[in-house]
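One structure below.
The values are calculated or read from the model by the stated rules, or taken from the named source; none is laboratory data. Since this is a predicted model, take the numbers as computed values, not measurements. In this analysis, Cβ positions are derived from the backbone assuming ideal geometry, glycine residues included, and neighbour counts consider all displayed protein chains.
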Amino acid sequence: MFDKILIANRGEIACRVIKTARKMGIKTVAVYSDADREALHVRIADEAVHIGAAPSAESYLVADRIIDACKQTGAQAVHPGYGFLSENAAFTDALDKAGIAFIGPGNHAITTMGDKITSKKLAEEAGVSTIPGYTGTIEGPDQAVEIASKIGYPVMLKASAGGGGKGMRVVRNDEECRDGFERARNEAKSSFGDDRVFAEKFIEDPRHIEIQVLADSHGNTIYLGERECSIQRRHQKVIEEAPSPFLDEKTREAMGEQAITLAKAVDYKSAGTVEFIVDTKRNFYFLEMNTRLQVEHPVTELITGQDLVEWMIRIAAGEKLTLKQKDVNLNGWAVETRVYAEDPFRNFMPSIGRLVRYHAPEESDSVRVDTGIEEGSEVSMYYDPMIAKLISYGADRLEALERMGEALDSYYIRGVSHNIGFLNALIAHPRLIEGKLTTNFIAEEYPDGFHAADVPQDEPALATVMAAAIHRQLMERAALSMGQLNRAGIRIIEQDRVAVVNGENHPVTTSTTMGGYDVVLDGTTYHVLMDWTIGEPIVRASINDRAVIFQLDSNGAGFRLFRRGAQIDVLVCSPRGAELNQHMLEKIPPDLSRFLLSPMPGLLVKLSVSAGDEVKAGEELAVVEAMKMENSLRATDDVRVARVLAEQGDSLIVDQPILEFE
């Protein structure tokens, strides 16, 4: 077994590997860029080595610096995590030449499965079910149209070296095919340095289900069940669960056997994932094989009781799998949500900045938080904006989803925008609860984007009641500190108040009872028990024997409460205060409709118009690249360009004006 390993990654996956290595008694070495000097993974590792500037191309992607760090610290092996160099055959070759073990599969598996065209051909030869398509390299938009017409629309254009949704476009006609080919090729070149694109039939109403495999160097290969990864946005996974609510045992076994067949065909050794597209009749087709640890691996760990990182390390050290296929049991249900620094209400644009307040849910047997940040950490423009992976476990699917909702309510993040409201909306969606999933779920349910109205409003009266109880507690503290007691030693506090919610006045009466408060709102009495210390951002309470969790912020003289993704502003005041509040002037925001604003921090890679141009609705105005994804900004109305306010190649901040219209 290794004495010391180096983790060639950052963030939550680096912390995840360090935890398992520490459990195994193995020392760890972290590497870091300029942007990650104070990062959590750097502090919890036994040693840390600086490897370069903030851009990943100058640090985490420089193989020579990783190898030098190994030599400097005496690390005997490298765990690559996912992303960066995790599927880079040249890196594994260099490690081999340096006498350093790679905690992952062999070079042949990485090379063969890392190319989508080659992997599809090999899968076909191995007898694995594949999607009809064209596996040659498409040379240009005209050939793309010709090939797509032969396959039959809709067609998926995919980067051969792609991953993470980059370099992928679904096209449904010739015009979309030409534009989609150019976008896919540009993204592929930017993200992977390889602009090859191929095509395959797009399966309507597909589910994305993947099989986890483990294989050692002694000829043993097993599968550890499946993960349902159908909830995706722009081909990137948002929610994963294990097992799948769709598969039956017969289909699970057939998919598992094909996954093992493919793993053996490439002499696979390590943890790996074979991804399939599954249609409505449970026909399944090979999509790709990921020759690394998957982001969503925790859900498999929770339902099987296996530590995949530990198995990767043991296999790389030459140990034999002691786990047999008959020993693999799927117990309970696990759900994972990806918490991102992004703004769902602005088309999920990345949000960068410092986490000025950060409280993750408390971990337990039913809640797990995989993260690489803490309060004060910086979400950088240089890396993926994922804050954490939140995983819940239950005896069944409904229990796992309910625990996920409670955990999301407890996740307090301030300083950057985040997607917790969106995640809450998804797990509470009736269609998701029923298990009627496809990879088109988000596009179908939110065709015009995600808006505040899409957040589930779970009994908004509860937030008003909670605000009234909190107000009462604050008033009691104030009365105690000022000695406002009557002769019987009881604090003198008015019971009749008014709760102002969305401009509407609601009379509310709040009184102190044994261990809590009674709140009368709109003729209904609510008994409130709270476990809250003034100043804490999380309020845990029972309202009429129902457990609830709220996040609490101040909002001027009032409160801003969050629950299940919904936000409500409540001002609790005297009847006279409520009357005067109606006369408060509302600040009118400036009219920015004459400007094209950058919806995200990014690089202006293309200006499609000039001053004086007449532009029709739907025409492209500019292209902004963020996180290596190209985002086309188009006109919403017929307009005339008055001024160009930014230049191609500029680095833009959020809401920076690009164009002004007449």
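Test V145 against the criterion of being crowded, with 21+ Cβ neighbours inside 10 Å and over 22 Å from the mean Cα position of the chain (by Cα), and give yes or no. Considered against the rule, which asks whether it is crowded, with 21+ Cβ neighbours inside 10 Å and over 22 Å from the mean Cα position of the chain (by Cα), V145 comes out as no.
For region 254-308, which positions are under 23 Å from the mean Cα position of the chain (by Cα) and small (G, A, S)? Listed by number, the residues that qualify are A271, G272. Looking across region 82-94, just one residue is touching an Asp or Glu at 6+ places or on another chain (Cβ under 9 Å) and in contact (Cβ under 8 Å) with a residue 60 or more places away in the chain, and that is G83. Just one of the listed residues (L659, L604) is closer than 27 Å to Q236 by Cα and surrounded by 18 or more Cβ atoms within 10 Å (Cβ to Cβ), and it is L604. Considering only residues in region 386-402 that are assigned to a strand (DSSP E or B) and without any contact (Cβ under 8 Å) to a residue 60 or more places away in the chain, the one that is surrounded by the fewest Cβ atoms within 10 Å (Cβ to Cβ) turns out to be L390.
Where helices (runs of 4 or more DSSP H) fall wholly inside region 96-204, the ranges with 1 or more residues that are within 30 Å of N220 (Cα to Cα) and modelled with pLDDT of 90 or more are 107-114, 116-125.
Please verify whether region 577-594 includes one or more residues that are surrounded by 12 or more Cβ atoms within 10 Å (Cβ to Cβ) and within 35 Å of the chain's Cα centre (by Cα). Yes: region 577-594 contains one or more residues that are surrounded by 12 or more Cβ atoms within 10 Å (Cβ to Cβ) and within 35 Å of the chain's Cα centre (by Cα).
The set of residues in region 592-636 that are under 27 Å from G165 (Cβ atoms), polar (S, T, N, Q) and either assigned to a strand (DSSP E or B) or touching a residue at least 24 places away in the same chain (Cβ under 8 Å) (or both) comprises S598, N631, S632. Filter region 39-78 for residues that are touching a residue at least 24 places away in the same chain (Cβ under 8 Å), in a loop (DSSP other than H, G, I, E, B) and within 27 Å of the chain's Cα centre (by Cα); which is surrounded by the most Cβ atoms within 10 Å (Cβ to Cβ)? Ranking the qualifying residues of region 39-78, first place goes to Y60. Collect the residues in region 261-300 that are surrounded by fewer than 20 Cβ atoms within 10 Å (Cβ to Cβ) and not hydroxyl-bearing (S, T, Y), keeping them in residue-number order. The answer is K264, A265, D267, E275, D279, K281, R282, N283. State the number of residues belonging to region 211-257 that are of a type in the set (D, E), over 12 Å from L437 (Cβ atoms) and either buried (at least 18 other Cβ atoms within 10 Å of the Cβ) or not assigned by TED's automatic domain parsing to the domain that holds W311 (or both). Residues flagged as of a type in the set (D, E), over 12 Å from L437 (Cβ atoms) and either buried (at least 18 other Cβ atoms within 10 Å of the Cβ) or not assigned by TED's automatic domain parsing to the domain that holds W311 (or both) within region 211-257 amount to 2. The set of residues from region 542-591 being in contact (Cβ under 8 Å) with a residue 40 or more places away in the chain and hydroxyl-bearing (S, T, Y) comprises just one member, S574. The numbered conditions (1) surrounded by 16 or more Cβ atoms within 10 Å (Cβ to Cβ); (2) under 29 Å from the mean Cα position of the chain (by Cα); (3) modelled with pLDDT of 95 or more are all true for L321 except (2).
All conditions in (1) farther than 30 Å from K4 by Cα; (2) surrounded by fewer than 22 Cβ atoms within 10 Å (Cβ to Cβ); (3) without any contact (Cβ under 8 Å) to a residue 60 or more places away in the chain hold for K97, with the sole exception of (1).
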